[in-house]
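Quick note: the coordinates plus some simple rules give every number you see, no bench work behind them. These figures come from a predicted structure and were not determined experimentally. All Cβ positions, even for glycine, are placed from backbone atoms using ideal geometry, and neighbour counts span all protein chains on display.
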Ligand code: SF4
């Protein structure tokens with residue numbers, strides 16, 4: 001069966017975190033009901049156009065999907081044709097995880113919860129501009145277990161100003177010693193995105209060496225506790241891997257619903273990507289006026305498409321064919337050759353972007369060399385970057 005993912009973007013947040021450059025808004029809640037209607041109309045349009053048949057995974061991301069009233073999220077989900085065993089993930093802020101909300105999600109067919117924890121140290125959360133109380137984290141994870149969710153992810157961020165090694169170790173410990181520890185952990189290096197409050201405050205910018213050390217800490221803790229890396233920034237216990245993200249990493253097909261959502265369809269020699277208008281206002285206006293919400297499209301063919309496939313695969317334990325990387329001393333300690341595959345070591349994962357720059361395709365000579373620390377662990381992997 002061919003895999004097909006559906007990504008639903010929910011562009012509403014209670015407050016703006018200092019480091020966030022996602023296409024999300026704190027002042028558009030009045031649009032929510034019309035936005036939900038537009039998403040439903042978009043799903044119907046995509047289904048009728050043959051772009052969306054049976055989804056094998058659905059991912060509600062944002063933004064903050066739990067900002068929507070749960071029955072409204074359920075209304076969008078009910079419209080999406082799904083395979084019987086489809087994985088359905090909803091990102092949720094810990095303080096939104098009431099029993100009633102989680103029960104509604106579960107009844108609607110949600111199979112997996114993802115909580116934005118980031119840190120369990122209050123001063124680190126404050127440095128990130130996050131509003132939640134760390135005490136809500138155990139309550140959220142327990143509420144998910146009580147609602148019957150056996151698949152839970154927590155998102156963490158390391159490298160914030162004021163975070164010490166002890167703070168990071170405590171965060172990892174707090175997550176792993178929950179009565180129902182999550183089966184999946186995503187940990188991202190804090191990145192400085194242009195235009196954010198963090199970008200305007202150099203004193204709070206993260207240090208590459210500190211971030212590398214924090215990455216090694218969590219890799220060591222998780223691998224000692226039965227988790228395996230499934231991508232540079234993601235770890236899972238066996239059977240708890242995220243089917244939706246794995247589809248991205250295999251350059252699979254997905255349909256994006258909502259503002260700023262991207263879609264991709266692959267073909268024999270390349271692929272097509274298209275994306276919707278960035279703001280919820282324009283997305284709603286497009287549907288209400290009977291216009292397409294698509295803002296742009298690109299075709300990627302041949303060696304460029306193959307290169308993108310290799311770059312994605314390199315960031316996973318599948319690695320790349322050994323012939324896709326040069327036999328260079330610069331890669332010593334960064335990749336291991338396993339049969340006919342080349343796979344990143346832990347140190348290689350920290351320099352994934354630099355190793356990627358050495359990938360070879362039929363038409364490409366090496367396009368770079370590995371120099372200095374260039375942590376690849378911070379590249380967000382939740383979904384393709386919005387416009
Ligand atoms: S980091 Fe998440 S919760 Fe914070 S503003 Fe961005 S999308 Fe919203």
Over the Cα atoms of the range 4-247 the radius of gyration and the largest Cα-Cα distance (Dmax), both in Å, equal 17.9, 54
For the chain, what is the percent of antiparallel DSSP beta bridges, rounded to the nearest 5?
-> 45 percent
Remind me, relative contact order of the range 4-247 in percent, using alpha carbon pairs under 8 angstrom and six or more residues apart?
-> 18 percent
Residues in the range 269-283 near a label at residue 304, defined as backbone nitrogen under 20 Å from the 7 Å Cα→Cβ point?
-> 269-276
Subtracting the Cα-Cα distance from 0.36 nm times the residue separation, let me have the gained length for residue 217 to residue 318 in nm, one decimal.
-> 34.1 nm
Calculate, in nm to one decimal, what residue 54 and residue 170 gain on full extension: separation in residues at 0.36 nm each, minus their alpha carbon distance.
-> 37.6 nm
Evaluate the distance, in nm, between pseudo-label points positioned 7 Å from the Cα of residue 177 and of residue 282 along their respective Cα→Cβ axes.
-> 4.9 nm
Quick note on 316, 177, ordering by fewest other C-beta atoms within 10 Å, gives 177, 316
Potential extension, residue 200-residue 79 segment - 0.36 nm per residue separation minus Cα distance | 39.4 nm
What is the calculated FRET efficiency for residue 289 to residue 150, with r their C-beta to C-beta distance and R₀ = 41 Å, to the nearest 0.05?
-> 0.40
